[in-house]
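Structure record follows, encoded as structure tokens.
Any read-out appearing in this document is the output of simple, stated calculations on the displayed coordinates, not a laboratory observation. Please read these numbers as outputs of a predicted model, since none were measured by experiment. Every residue, glycine among them, receives a Cβ derived from its backbone with ideal geometry; neighbour counts consider all protein chains shown.
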Amino acid sequence: MKIESFIRTIPDYPKKGIQFRDVSTLFQDPRGFRMAIDMLLHPYAGQPIDKVAALEARGFILGGAIAHQLSVGFVPIRKQGKLPFETMQEDYTLEYGEATMEMHTDAIKTGERILLVDDLIATGGTCEAGIKLLKRAKADIVGCAFVIDLPALGGRKLIESLGVDVHSLCEFDGD
Ligand code: AMP
């Protein structure tokens, strides 16, 4: 089965005009979830990875499983106010307004090779904030891996323009 066939589309969620790509149906299927983790890791086989970083919140589910598979550590990049220790912060643009992502200041050591993970890339703003945090922590970013790319929103091009490779498992038209 193709990965797309495990993903449910919910029209007009969370607001009118948005086609929400729901990965809960992928996660709840034993073969679907296993396939997603295997496929996300496939291009990086044989490459050294020191840690997996992931973007809140669905990215954590994928990132945790990938880190476990690689036997490496996991770093959460969270929305403002959720992390208990000292953080570094990056603002990013949402469809309406701004938000802030945070990472613990001791999460990454200089030169560590990091794979960044999320469920979906749309405009790339969330991922860009994560990349900026990782770069400030002097990480060596191996790549960014997503289950879904929405190419019409240009996120992949934005991230590639920052010199970071993008890997995705499937694409959906429109936004
Ligand atoms: P962006 O910063 O525009 O690339 O948006 C990516 C983030 O928003 C990811 O963490 C996604 O989980 C979420 N997201 C954006 N658009 C959608 C969508 N159509 N369906 C599901 N999640 C989305």
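Brief remarks follow.
- Counting only DSSP beta bridges whose two residues both lie in the stretch 46-171, roughly 30 percent are antiparallel.
- Here the stretch 46-171 is assigned +1 on the Cβ of each Lys and Arg and -1 on the Cβ of each Asp and Glu. Its dipole about the Cα centre then comes out at about 260 debye.
- Whole-number D in µm²/s for the stretch 46-171 (Stokes-Einstein; Kirkwood sum over Cα pairs; 10 °C, 1.306 mPa s): 111
- Simple rule: put +1 on each Lys or Arg Cβ and -1 on each Asp or Glu Cβ in the chain, find the dipole, and look at 68, 154, 120; the Cα lying farthest toward the positive end is 68.
- Long pairs among 109/138; 109/157; 79/132; 132/157, criterion Cα-Cα beyond 19 Å: 109/157
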